[in-house]
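Comments concern the structure below.
We did not get these values from a lab; they are worked out from the coordinates using the rules stated. Just so we're clear, the structure is a prediction, and the values are computed from it rather than from any experiment. Note that we place each Cβ from the backbone using ideal geometry, even for glycine, and neighbour counts take in every protein chain shown.
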């Protein structure tokens, strides 16, 4: 029986959130880690844009957007009820405004940007998250859901640009939320290291169950 094939890059926040949902949904797959400077032709054949993540299902369907992969992974099996705790508007702000500011803060030379200005713009979104988390502990209630998993990898990346600056910000609820997610068994499970994939390699099969 053919495997689902998942093209990923370990540190990419889009790929992280897709891997989180695949793990929670119990979806087994063949992991193909991509070297972004040398993308395999197999990836480019099924996805002309060549960005990760990309999932090719066992029946040949190609899903090339991380949120679509997340929702597909939880469609048939959602044991933690992640789909009940979704917020498309908040995620769209993360993927739009916040990601734009994050890129210009983290990579100022690439964008010709003033990093402190973009950092401060991004902080406004973090303050919005802080207010939401302060209410119940997570972004959509007391229990982690799809919105948390979709946004957390980007907050993690933002916090890592200047850790001393982030530590000095008055965001106690957000910091605790981020630390808890990073320290979780689930996050550890999806952050394993594998060598970049090449044709002919022995397949790296990721088990479907969190406890396999």
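Can you compute the modelled spin-label distance between residue 169 and residue 114, with each label point 7 Å from Cα toward Cβ, in nm?
Rounded to a tenth, the inter-label distance reads 1.9 nm.
Antiparallel as a % of all DSSP beta bridges within the stretch 1-95, to the nearest 5? Spell out each step's value before the answer.
On the way: 5 of 9 bridges.
Antiparallel bridges make up about 55 percent of those DSSP assigns within the stretch 1-95.
Quick one: work out the % antiparallel among DSSP beta bridges in the chain, nearest 5. Don't jump to the answer; show the numbers that get you there.
Details: 9 of 13 bridges.
Bridges in the chain are about 70 percent antiparallel.
So, by mean Cβ neighbours within 10 angstrom, what's the order for 3-12, 52-61 with the highest one leading? Show your work: numbers first, answer last.
Numbers: 3-12: 19.7, 52-61: 17.9.
Listed from highest to lowest mean packing, they are 3-12, 52-61.
Roughly what angle does helix 13-24 make with the longest principal axis of the chain, taking Cα atoms, 0 to 90 degrees, to the nearest 10?
Roughly 60 degrees, rounded to the nearest 10.
Could you compute Rg(Cα) / (2.2 N^0.38 Å) for the stretch 82-186, with N its residue count?
In units of the globular-protein estimate, the stretch 82-186 measures up at 1.04.
What FRET efficiency do you get for residue 184 and residue 161 if R0 is 25 Å and r is their Cβ-Cβ distance, rounded to the nearest 0.05?
0.65
Can you tell me the FRET efficiency between residue 68 and residue 176 if r is taken as the Cβ-Cβ distance and R0 is 25 Å, rounded to the nearest 0.05?
The pair residue 68/residue 176 has a calculated efficiency of 0.25.
Give the calculated FRET efficiency between residue 41 and residue 76 to the nearest 0.05, with a Förster radius of 41 Å applied to their Cβ-Cβ distance.
0.85
With each pseudo-label sitting 7 Å past Cα toward Cβ, what's the residue 143-residue 198 distance in nm, one decimal?
4.6 nm
Taking neighbour counts of Cβ atoms within 10 Å as a proxy for exposure, in what order, fewest first, do 46, 151, 205 appear?
Lowest to highest Cβ neighbour count: 205, 46, 151.
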